[in-house]
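Data block below; observations after.
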Amino acid sequence: MNVANGVLQIAGQQVPAADVNAIRNADEQKAFERLQAPGWGQLWAGTGTVGWAGSAGNAKTLTFTTGVKASRVTSHDKTTLYFNSIKASALISGKSAETAEAVRGGFGYDHNFSPRLFVSTFNDYEFDKFQNLDLRFVAGGGFGFHARNTKRMKLDVLGGGAFNRSAFAAFTRKSAEAYFGDDFDFRLNSVTTMFQSARMFNDLTNTGQYRVNFDTGASVKIAKWLNWNVSLSNRYLNTPSPGRKSNDILYTTGFGLSFAR
């Protein structure tokens, strides 16, 4: 490509520089065209992990974990899905018992109405047998700010309101909440990516009560479709069910499949 007297010489053709809005190579043009009018089934990317561990002998134990994280990012919005679960059991001296059983999942949607500002909605579900939590349903929304948005690092800060219905074994708690938090993604190098998400929920119906969601993890690419993944999901409730602890941590690690379309 040559430029002379306000005229671009591109592939043997002369084009007035004023008529050129952008110059892209073949790969950049293909990526640009994919973002123009993508179908709902396009642009999804994510990872899925399955892990297990066990022992045999004096004690027989088995732990099974799963983790899924997927997102669809376009030029104007982002859709995210997540799911984590753990189920563990033990057999010692002929006595068996479940030692852990929890499921967490949900989805979120962000829509940009300026290069920096966006509106956000989400819906979360949670079951935790040993927290005596039959089902927590949370739906909310608010506004966010793209504090950093580069190919290597993305940082969003956001806040808003939510409705929380938590059905425990002995009682049900319904409340309005105000929340704030952040979402952070960082590409450490060509094969390793890290993520972190945090939310602080303050109970507006029962003042003085609050809860915190914190999730973090990393993914290391081993092959084009194979990753090694590790994740940690923490839920803190300052007023748990009677006789239960405030903090519950679920962590998964293992090999997983990555996908993108």
Looking at 136, 148, can you tell me which residue is of a type outside the set (Gly, Ala, Ser), more than 28 Å from residue 40 (Cα to Cα) and in the same structural domain as residue 246 (by TED's automatic domain parsing)? 136
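Restricting to segment 40-95, what's the tally of residues that are among the hydroxyl-bearing types (Ser, Thr, Tyr) and within 22 Å of residue 130 (Cα to Cα)?
Of the residues in segment 40-95, the ones among the hydroxyl-bearing types (Ser, Thr, Tyr) are 47, 49, 55, 61, 63, 65-66, 71, 74-75, 79-80, 82, 85, 89, 93.
If we keep only those that are within 22 Å of residue 130 (Cα to Cα) as well, we get 61, 63, 65-66, 82, 85, 89.
Residues meeting the conditions: 7.
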Which of the residues belonging to segment 164-203 are farther than 17 Å from residue 227 by Cα and among the basic types (Lys, Arg)? 165, 173, 174, 199
From the list 112, 123, 149, exactly one residue is within 15 Å of the chain's Cα centre (by Cα), at negative phi and not hydrophobic (A, V, I, L, M, F, W, C). Which is it? 123
Residue check for residue 128: in contact with a Gly (Cβ under 8 Å, 6 or more places away or on another chain) and surrounded by 13 or more Cβ atoms within 10 Å (Cβ to Cβ): no
Among the residues of segment 188-198, write down those that are in a strand (DSSP E or B) and in contact (Cβ under 8 Å) with a residue 24 or more places away in the chain. 192, 193, 194, 195
Among the candidates 213, 234, 227, single out the residue that is among the polar types (S, T, N, Q), assigned to a strand (DSSP E or B) and at pLDDT 95 or above. 213
Of all residues in segment 240-261 being among the polar types (S, T, N, Q) and touching a Gly at 6+ places or on another chain (Cβ under 8 Å), the one that is farthest from residue 88 (Cα to Cα): 258
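Can you pull out every residue in segment 237-261 that is part of a strand (DSSP E or B) and touching a helix residue (DSSP H, G or I) at 6+ places or on another chain (Cβ under 9 Å)? Working first, answer last.
Within segment 237-261, the first condition is being part of a strand (DSSP E or B), and the residues that meet it are 237, 247-260.
Result: 237, 248.
The values are calculated or read from the model by the stated rules, or taken from the named source; none is laboratory data. The shown structure was predicted, so the numbers you read here are calculated from the model rather than taken from an experiment. Glycine gets a Cβ as well: all are built from the backbone with ideal geometry, and neighbour counts include every protein chain shown.
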